[in-house]
Each structure stands twice: as C-alpha cells, then as structure tokens.
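Engineer: Would you mind keeping the following structure in view while I ask a few things?
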Amino acid sequence: MSEKVALINCPMWDVEFPPYNIALIRSVLRKNNFESDCFDLNRDFYASVPGEQHLWSLSDIYAFWQSKEEVGKLILRHKTVIDGFLLQLEPYDILGFTLQSLNFTFTLILIKAIRKVSPHKIILAGGPECFRNFNPEYLMQCACFDALCYGEAEEALPELLYKTRQRRTWKTPGFFIKEDQNYIDCAPAHLVENLDNLPFADFSFLKKDTERICVSTSRGCIGNCSFCHEKGHWDAFRYRSAGSVVEEISLLKERFPFLRFVYLNDSLINGNTEEFSRFCELMIRKKLGINWGGHMLIRKEMTKGFLKEMKQAGAERLNFGVESGSNQVLQLMRKAFRREDALRILADTKRAGISFSVNFVIGHPGENAEEFEETRRFLVRIRQLTDCVHINPCYVLRGSELYSNHKKWGIVLPENYVTDWFLSDGSNNPQIRMERVRQLLRDG
C-alpha cells in the first residue's frame, strides 16, 4: 500500500488562520520519512460559499455546527463543492482528520461520502474531540474511522504508519483501533515531555503572501474552569522555551515576508509568567516587526509595567476569559480572580495601547437573576475598554466538570445536552439562558 497521507481540517474553524495542528503533524511525518499533504477544507469551503459565510460567526455557533440536520442541509446545498473535495482526496490512501467540537458533524458527513466512493481508504482521526473518554454511544458515531488517536499524535501516529507499512498488527499506544466493528484501547501514548524537541510546524502549503499564521507555545492549562474541557485534554501543563518560540517566528518571517501577525495557538499564553516575560524580552530584542495575540488568564501578576512591555514586544490582539461580573459565579466557575482584578487589568491593558476582547459565559449553574444583574452592570463598565465582547450561553461540554459531575450540579442532560441542558429545579434552562444573552446583546 502507498503511504501517501492527507491531513484534513474541515469546517468549522476560524478562517483567519491556517490550522496549526495539521501543519505540525505534517512536519512530524516528514521527520519520520512519511509523505503527506495538508488540506484546509475549512478555508476552501468558506471561500466557495460566499452566501453562507455568516455561519462562521453565529452568536449560538454550537447549535448550528453540531446539528446533523443543519450541517447536512448545508452540504447538500453545495454538493458540487463537496464533490471537488472528494476528487482532491482521491490520490491518498490514508486520510487523517483533525476533530474538534465544531467540525465533528461536518467531518462525519464528509467521511460517509468518501466511504461510498472509496471504501478501502484508511481513515484516521485525532484532535481535541478524540481526547475525552469515549462511551459506546459516542464511539458508534465514529464507526467510519479505522483508528482514533486519543492523545498526542507526535509519537503515536508515526508508529502506527510504520506498522501499516510493514503490514503488522495495528495495535499502537495512543489509539483506539477498530476490529470487527468494536474499538480496542491500545493503552495511552507517552506525553511529549519537552515541547522544544518537536519540529516546527510545516506551513509550506501556504501562499508566499500569507499575513497571518499560528504558533503554539504550550499545551494544557493551569486553570480548572468548571465549564471548560481543556483540563481534561492534557495530563499536565507544559510550555516551550521562549527562545524556541521566537526562533520559529523568525523562520516564519523569512519564509513569509508579508507575515505581520502570529496567533499564539494555546489554551493560554501566560501560564508561565516568567517564560512569557522572557518571550516578550526576546521579541523586543529581535525587532521582527511581528504583532501577536492569544488567550490570556486574568492574573494578579499582570502589572502596568508588564503590560507596557507586552505592547513593546508586539502584543496586539488579546482575549481574556472574564466570563462573569458576579464574584459568586466566578467562584462557582473556579476562577482564581475577582471582578475587581479583572476591571483593573482590563483598564491597564487599554492604557498600554493593547486591543483586546473579552468572553462571557451566561447562565452558569448558580447564576440567578441577582448575579445576572451584576454581570450586566459590570459589562456596562468595561464596554468602553474593550474592542469586542463575546457573549455565549453556558454549554455543557464533554470532559468538563459540569458534564462529569452533572448530577452534583443538578444538571439534567437531554440528547442535545451541549445546548439544551437544564437544572432539575427549573431555575435554569435554554430559554432563560438565551433570553439573558439577548438582553446583553440589546444592551450593547
């Protein structure tokens, strides 16, 4: 069998930036003497459906992109585009899909179409949607995959491909392997302990005039927010050295002379404040002319001087997960700050000349009318500081504390639990959450 591998990212994802994960895996495979190509079908599909591009910026984005009915109708409306994708993938014997919560449904529908025309292709999957513990019902949805990588793929995937090359048994640590319609857990793979040992991502599939790109500086999160599943994805928080990150950005600037912005593609970029400060120092010293941004925690160590240094280093677009204006709700969310800390840091970030957006999660268990009003008043105070406020209803995501211990929280999980969960006492349901979201949007 040929070893030609296609690495594929399906809608929906941020079209502004190319997918970092498949670019990194491509580099890993090249290092292990496997040929592969990257296909950013998310960007390709977006460009091919101008009348549908609003779907990438819906206020309730999960409700659409996780709906089999809605995504199925979208694909049917653009069957010729999908047929073009199938033609592009025809020469490849092994297809590797990256899965996350917003592209899972589209990917499954596309794979079913691939199976109809090419039933003998080997189809693999990895990514955040595969990181969680699988249950039988969930696995049944994935029956179109031959193997699922449920951890880090940098060591596991080359080993599986070597076994494919040698026609040996597929059993490889880090994978669920399909045998007779069942999946066998081949035991966890080893974590990459030193991220500096990984090769730099291979973005050679991008055009020379690329202006925006992604780089990863860490894995995992030091937080443990109740509504978030990031903590369950990674066994430990690890970070790259500042020198390694800046070297990669320098090489990207050489390859893409029009590059002007790097998105630091992490759960958070200031998990290790000492190394992050070192990154800022090196960016100032190198004078690369590159701006950057990413997700940041509200941390009390973020002084006015620290924020000014970030601005000098190229900080341009940050995103803060504030989530609530109620200290009681912040405590329930297991946030390590109070609204007073958030207000100070947001004001100081504005004074430093750094643009930023903030995220709010509305309808977390424990947010009643009084706590919601506190959030409304807090939002009035910060709207003049921030460039954008992202307001989302509280979702219950697989792997989060709210999901894993839903009974403790009084949460009832119906079939479409991500968006339709409710509290058993009737104090919180989808209608209440969406009405609060609409109120805040009207206020803005």
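The values are calculated or read from the model by the stated rules, or taken from the named source; none is laboratory data. From a predicted model like this one, the values you see are computed outputs, not experimental measurements. All Cβ positions, glycine included, derive from the backbone under ideal geometry; neighbour counts span all protein chains shown.
Engineer: Tell me, yes or no, whether the range 270-282 has at least one residue that is within 30 Å of residue 44 (Cβ to Cβ) and either assigned to a helix (DSSP H, G or I) or hydrophobic (A, V, I, L, M, F, W, C) (or both). Talk me through it step by step, then tell me what you get.
Structural biologist: Step one: list which residues in the range 270-282 are within 30 Å of residue 44 (Cβ to Cβ), which gives none.
No.
Engineer: Can you tell me which residue in the range 328-342 is surrounded by the most Cβ atoms within 10 Å (Cβ to Cβ), limited to those that are in contact (Cβ under 8 Å) with a residue 24 or more places away in the chain and in a helix (DSSP H, G or I)? Step through it out loud before you land on a result.
Structural biologist: From the range 328-342, those in contact (Cβ under 8 Å) with a residue 24 or more places away in the chain are 328-329, 332-337, 339, 341-342; that's our starting set.
With in a helix (DSSP H, G or I) added as a condition, the list becomes 328-329, 332, 339, 341-342.
Numbers: 328: 14, 329: 25, 332: 18, 339: 22, 341: 17, 342: 22.
Here the residue is 329.
Engineer: Considering only residues of the range 367-412 that are outside any loop (DSSP other than H, G, I, E, B) and touching a Phe, Trp or Tyr at 6+ places or on another chain (Cβ under 6 Å), which is nearest to residue 326 (Cα to Cα)? I'd like the intermediate steps shown before the answer.
Structural biologist: Step one: of the range 367-412, the residues outside any loop (DSSP other than H, G, I, E, B) are 369-382, 388-393, 401-404, 406-409, 411-412.
Narrowing further to those that are touching a Phe, Trp or Tyr at 6+ places or on another chain (Cβ under 6 Å): 391, 402, 411-412.
Working: 391: 15, 402: 19, 411: 21, 412: 24 Å.
Top of the filtered list is 391.
Engineer: For the range 61-177, give me every one of the helices (runs of 4 or more DSSP H) that falls completely inside it and has 3 or more residues that are of a type in the set (Lys, Arg).
Structural biologist: Ranges flagged: 68-77, 104-117.
Engineer: Then there's this: May I ask you to list the residues in the range 353-394 that are among the acidic types (Asp, Glu) and either on the phi > 0 side of the Ramachandran plot or at pLDDT 95 or above (or both)?
Structural biologist: 367, 370, 371, 373, 374
Engineer: If you go through the range 214-221 one residue at a time, do you hit one that is part of a loop (DSSP other than H, G, I, E, B) and hydroxyl-bearing (Ser, Thr, Tyr)?
Structural biologist: Looking for residues that are part of a loop (DSSP other than H, G, I, E, B) and hydroxyl-bearing (Ser, Thr, Tyr), one finds at least one in the range 214-221, hence yes.
Engineer: Further, regarding this structure: Can we say residue 99 is under 21 Å from the mean Cα position of the chain (by Cα) and either modelled with pLDDT of 95 or more or loosely packed, with under 13 Cβ neighbours inside 10 Å (or both)?
Structural biologist: Working: under 21 Å from the mean Cα position of the chain (by Cα): yes; either modelled with pLDDT of 95 or more or loosely packed, with under 13 Cβ neighbours inside 10 Å (or both): no.
No, not satisfied.
Engineer: Somewhere in the range 417-424, is a residue assigned to a loop (DSSP other than H, G, I, E, B) and at pLDDT 95 or above?
Structural biologist: Yes, the range 417-424 has at least one match.
Engineer: So, one more: Could you list, in sequence order, all residues of the range 406-433 that are touching a residue at least 12 places away in the same chain (Cβ under 8 Å), among the hydrophobic types (A, V, I, L, M, F, W, C) and touching a strand residue (DSSP E or B) at 6+ places or on another chain (Cβ under 6 Å)?
Structural biologist: Scanning the range 406-433 gives 412, 421.
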